[in-house]
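The structure under discussion appears below in the form of structure tokens.
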């Protein structure tokens, strides 16, 4: 209530009165400002509620492949991001690179269930985010998909992480695509539950 009241330039007691029904008919202008304040507050905290509502209301096939998706309230240095998920770097990121969010996807479901036209939703509200692909065997397919999307839409992730795969198992073509596209590439074997837990603490 305090956070919302601050955004509305009113007191928490006013918000409490509306929530409890002590005040009636707030008016369309107040309702609009109230809803916008809720959205802004959630976005500042990573957009978890908005993402949940989006899944429930829209139910695109894209969400079948998404294990977790979040925007950071503050940019995170890529070095800190990779350290948090115990990643090994194959293609080094440029110095000073920040990550603004991440998307963790089941690469098998992404390929089998999600129409290519929805792949752009991997980027959420910013392209300056990490794309983390689980259930990969060599990493070739995700990197080819990213290369194709980059050539059509001129967008690419800030960093790509292949989950559950050792560095020596990564296809040389995937590494070459990353190098030529100036896309930082890393791998991690951290259990998926622990990986998501660590990401949510950033």
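The values are calculated or read from the model by the stated rules, or taken from the named source; none is laboratory data. Please read these numbers as outputs of a predicted model, since none were measured by experiment. Every residue, glycine among them, receives a Cβ derived from its backbone with ideal geometry; neighbour counts consider all protein chains shown.
Quick notes on this one:
- Checked against (1) loosely packed, with under 14 Cβ neighbours inside 10 Å; (2) touching a helix residue (DSSP H, G or I) at 6+ places or on another chain (Cβ under 7 Å), residue 121 passes all but condition (1).
- Look at (1) part of a strand (DSSP E or B); (2) in contact with a strand residue (DSSP E or B) (Cβ under 9 Å, 6 or more places away or on another chain); (3) closer than 18 Å to residue 198 by Cβ and you find that residue 90 fails only one, number (3).
- From the list 160, 187, the lone residue that is in contact with a strand residue (DSSP E or B) (Cβ under 8 Å, 6 or more places away or on another chain), in the same structural domain as residue 107 (by TED's automatic domain parsing), in a strand (DSSP E or B) and in contact (Cβ under 8 Å) with a residue 60 or more places away in the chain is 187.
- Selection within region 10-45: residues that are assigned to a loop (DSSP other than H, G, I, E, B) and modelled with pLDDT of 80 or more. The member of this set that is nearest to residue 201 (Cα to Cα) is 45.
- Check on residue 142, over 21 Å from residue 200 (Cβ atoms), touching a residue at least 60 places away in the same chain (Cβ under 8 Å) and assigned by TED's automatic domain parsing to the domain that holds residue 69: no
- Test result for residue 6, surrounded by 14 or more Cβ atoms within 10 Å (Cβ to Cβ) and farther than 24 Å from residue 191 by Cβ: no
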